[in-house]
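Structure, as structure tokens:
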């Protein structure tokens with residue numbers, strides 16, 4: 001990778017691919033979400049000073065244990081904003097226009113347009129839960145479709161809502177007023193199963209539900225049951241509570257659901273931006289004692305509270 005080549009060229013830096021042997025002497029780690037930072041991993045890395053994850057999410061890192069060991073943890077929140085926002089809209093459009101179902105019928109030799117009548121997005125209401133970097137971009141794009149946007153995020157300023165083109169509302173108001181509902185929050189104590197059986201009581205039976213944030217934010221079984229019972233219009237998931245998605249998942253047999261294997265950040269551009277940012281963070285940490293985008297964040301949605309209270 002271009003970023004790692006640059007890192008190797010810096011005097012005094014020794015860069016290697018991961019191995020348990022190298023872990024015992026490593027001062028720094030650059031990881032992605034597949035690599036879990038657990039107590040057991042950290043016990044094997046006594047010299048570790050800094051971890052940079054090339055992701056905007058961070059629930060694969062035990063921040064309690066890194067805090068105990070005074071290990072600096074940083075992440076790359078800007079790197080996948082565009083890619084994930086675009087993926088969110090791919091899911092919205094696919095779910096709304098029944099693209100996946102139509103393709104399956106076409107490939108089976110069936111031409112029946114009457115099965116796939118849908119609605120225009122113009123004039124409809126998009127509910128955005130979480131107006132951070134990605135949620136704000138998703139909300140802005142809604143303007144191009146002439147949609148109204150309701151947003152819920154108690155940790156963002158009125159200025160953030162204004163820039164995103166979103167009207168501030170309570171969570172209940174967003175649930176009740178949305179035609180399409182999309183989540184863009186981290187996985188913490190406050191957001192676990194944020195949408196489940198009790199929230200389904202507030203939404204329209206025609207609601208389109210989108211989750212491209214973290215799997216545990218949405219109760220998958222409750223959504224599958226609602227789809228089977230026609231209490232929910234359709235759904236699209238790019239993230240799941242357990243990945244890879246189990247073959248026993250009720251979502252696999254549910255109707256009107258689009259499922260993709262966590263592709264939000266899977267673009268060449270996002271990979272490159274994340275790698276470059278991670279290498280820059282490592283360089284600045286050791287050369288200038290500089291840190292940026294450290295974890296945990298200092299608000300409830302991004303705090304340690306989920307781990308501390310379970």
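Throughout, read-outs are computed from the coordinates displayed, never taken from laboratory work. Small disclaimer: the values here were computed from a predicted structure and weren't measured. Cβ placement follows ideal geometry from the backbone for every residue including glycine, while neighbour counts extend to all protein chains displayed.
A few notes on this one:
- Plainly put, the range 151-221 has a radius of gyration that is 0.95 times its Kirkwood radius, both from alpha-carbon atoms, as the Rg/Rh ratio.
- Distance histogram for the chain (every C-alpha pair counted, 20 angstrom bins, percent rounded to whole numbers): 31, 53, 16, 0
- Ascending count of other beta-carbon atoms within 10 Å, so fewest first, for 152, 286: 286, 152
- Residue of 129, 257, 50 that the Gaussian network model of the chain assigns the largest fluctuation, springs spanning Cα pairs under 10 Å: 50
- Each residue in 194, 147, 106 was given a count of other beta-carbon atoms within 10 angstrom of its own, and listing them fewest first yields 106, 147, 194.
- Only beta bridges with both residues in the chain are counted; by DSSP, about 5 percent of them are antiparallel.
- Tail weight of P(r) past 29 Å, computed on alpha-carbon pairs of the range 1-158, percent: 46
- Whether the range 11-90 is rounded, prolate or oblate, judged on the alpha carbon gyration tensor where a/c under 1.5 counts as rounded: prolate
- Cα gyration tensor, the range 89-131 - rounded (a/c under 1.5), prolate or oblate: oblate
- Across the range 238-290, counting alpha-carbon atoms alone, Rg and Dmax equal 17.9, 54 Å.
- Mean ellipticity per residue at 222 nm, deg cm²/dmol - from DSSP H runs of n ≥ 4 across the chain, formula -39500 (n - 2.57): -9500 deg cm²/dmol
- Convex hull volume per residue for the range 159-274, taking Cα atoms only, in Å³: 130
- Pairwise Cα separations in the range 81-259 fall into 10 Å bins from 0 onward with the following percentages, short to long: 10, 40, 37, 12, 2, 0.
- Residue exposure sequence - 146, 153, 62, 114 - by fewest surrounding Cβ within 10 Å: 114, 146, 62, 153
- Taking packing as the residue-averaged number of other Cβ atoms within 10 angstrom, the listed peptides 115-125, 71-81 run from highest to lowest as 71-81, 115-125.
- The chain: most fluctuating residue of 205, 11, 261 per GNM, C-alpha cutoff 10 Å: 11
- Of 197, 212, 164, the residue with the greatest mean-square motion in the GNM of the chain, using alpha carbon springs below 10 Å, is 197.
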